[in-house]
Amino acid sequence: MGKLDGKVAFITGGARGQGRSHALALAREGADIVVVDIGGQSLGHPNSPVASASDLEETVRLVEDLDRRCVAVTADVRSDEQVKSAVERAVSEFGHIDIVVANAGIADKTTPFWEITREDWDGLLAVKLTGVWQTCKYTAQQLIRQGTGGSMILISSVAGIKGLAGLAHYNAAKFGVRGLAKTFANELGEFGIRVNSIHPGTVDTPMIDAIASMSGATKEQLMPGFLQLQIFQQPLEPRDTSAGVVWLASDDSRYVTGLELVIDGGWITK
């Protein structure tokens, strides 16, 4: 028996990295999975590499290897209609949604805030902030209709608590996600829906490679600068964040809402 038997989890940005890890962790506890990702569609600004259709297919395969159902939906969280359609697809396949993990995100190069272009500013916030709002907007409507509560988990960052030089637009988005979680927790509490945010430190995923590449560096050159900000000077693994996702998705945290769950190797404390 898993902690999440009979539950359905809707996960954005689930084709690779932390999103894939969340999908597998929830599936191991018995949840069926709807995994949403851009699937190689053009991003535009910023010019961040995105997950491919084959990445999305691999997540499905890995979930199914755990004997859970997994439905993949190619959708861009910047698109109102695509997010709405993805939620409708999830309900048509499973009949309900119980867990929402708003995880989709992109990276950009490190740049002084006065040199960030308007196109890169708007593009990054469209994914990392507006995309979270849209994901929660349409899934919340479904959770309210169901009348059985639910758990919404918004993936923010230590950058939603502390400022990171060179990543002003990333900071703005992640602080915004933190604020959304607080607001949504207040608005959805009467429906028994819990909303919490997770704030990871440096997690070793393709996003670190992307930031390094776009900044004209390698991950090996970039990583020490991030790690020196933590007490534990080792990168987190995706499974470290996923452990928090499972806890917030399960009844183990049934009276927890509005929480900022920091999983950061001691970044905030140092």
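Rank these residues by their accessible area, most exposed first, probe 1.4 Å: GLU237, GLU260. Please report the intermediate quantities before stating the final value.
Values: GLU237 90, GLU260 55 Å².
From most exposed to least exposed: GLU237, GLU260.
Which lysines have a Cα lying under 21 Å from the Cα of LYS137, excluding residues fewer than 8 positions away in the same chain?
LYS7, LYS84, LYS128, LYS174, LYS182
Of the residues ALA185, ALA15, ALA217, which exhibits the maximal mean-square fluctuation in a Gaussian network model of the chain defined by a 10 Å Cα contact cut-off?
ALA217
Report the calculated FRET efficiency for GLU93 and SER215 (r = Cβ-Cβ distance, R0 = 35 Å), to the nearest 0.05.
Plugging the Cβ-Cβ distance into 1/(1 + (r/R0)^6) gives 0.30.
Using 1/(1 + (r/R0)^6) with R0 = 30 angstrom and r between the beta carbons of ARG69 and ASP204, what's the FRET efficiency to the nearest 0.05?
Calculated value: 0.55.
So the label point goes 7 Å from the Cα of PHE191 along Cα→C-beta, right? Which residues of the range 115-158 then have their backbone N under 13 Å from it?
135-152
Excluding CYS70 itself, calculate the net charge of residues whose Cβ lies under 9 Å from the Cβ of CYS70, where each Lys or Arg counts +1 and each Asp or Glu counts -1.
So the environment of CYS70 carries a net charge of +1.
Accessible surface of ILE144 in the full protein assembly, 1.4 angstrom probe, to the nearest 10 Å²?
Solvent-accessible area, nearest 10 Å²: 60 Å².
Net charge around ASP240, counting only other residues with Cβ within less than 13 Å of its Cβ (Lys, Arg = +1; Asp, Glu = -1)?
Computed value for this residue: -2.
Whenever you get a sec, compute what percent of the accessible area on the range 5-113 sits on carbon and sulfur atoms (1.4 Å probe). List each step's numbers first, then the result.
On the way: 1860 of 4220 Å².
Carbon and sulfur: 44 percent of the exposed surface of the range 5-113.
Within a Cβ distance under 13 Å of ASP5, other residues only, what is the Lys/Arg minus Asp/Glu net charge?
Residues near ASP5 contribute 0 overall.
How much accessible surface does THR111 have with a 1.4 Å probe, in Å² rounded to 10?
Looks like 20 Å² after rounding.
Accessible area per residue of the chain at 1.4 Å probe, in Å²? Could you put the intermediate results ahead of the total?
Numbers: 11600 Å² over 270 residues.
Roughly 43 Å² per residue, with all protein chains present.
Test of the criteria: in the range 119-216, which GluC sites (Glu not before Pro) are in a DSSP loop and have at most 16 other Cβ atoms within 10 angstrom of their Cβ? Don't skip to the answer; put the middle values down first.
Working: sites: GLU119, GLU187, GLU190; in loops: none.
Sites meeting the loop and neighbour criteria: none at all.
Given charges of +1 on the Cβ of Lys and Arg and -1 on the Cβ of Asp and Glu, with all other atoms neutral, how large is the dipole of the chain about its Cα centre, in debye to the nearest 20?
520 debye
If you average the alpha carbon positions of the range 121-153 and of the range 47-82, how far apart do those two centres end up, in angstrom?
Between the Cα centre of the range 121-153 and that of the range 47-82, the gap is 17 Å.
Any idea what the dipole of the range 170-270 comes to, in debye rounded to 20, about its Cα centre with Lys/Arg Cβ at +1 and Asp/Glu Cβ at -1?
With only Lys, Arg, Asp and Glu charged at Cβ, the dipole is about 220 debye.
The values are calculated or read from the model by the stated rules, or taken from the named source; none is laboratory data. Just so it is clear, the model here is predicted, and its values are computed rather than measured. Note: ideal-geometry Cβ built from the backbone for every residue, glycine included; neighbour counts use all protein chains shown. Note: accessible area is taken over every heavy atom of the protein model, side chains too, but ligands, DNA and RNA are not part of it. Shrake-Rupley method; radii C 1.70, N 1.55, O 1.52, S 1.80 Å.
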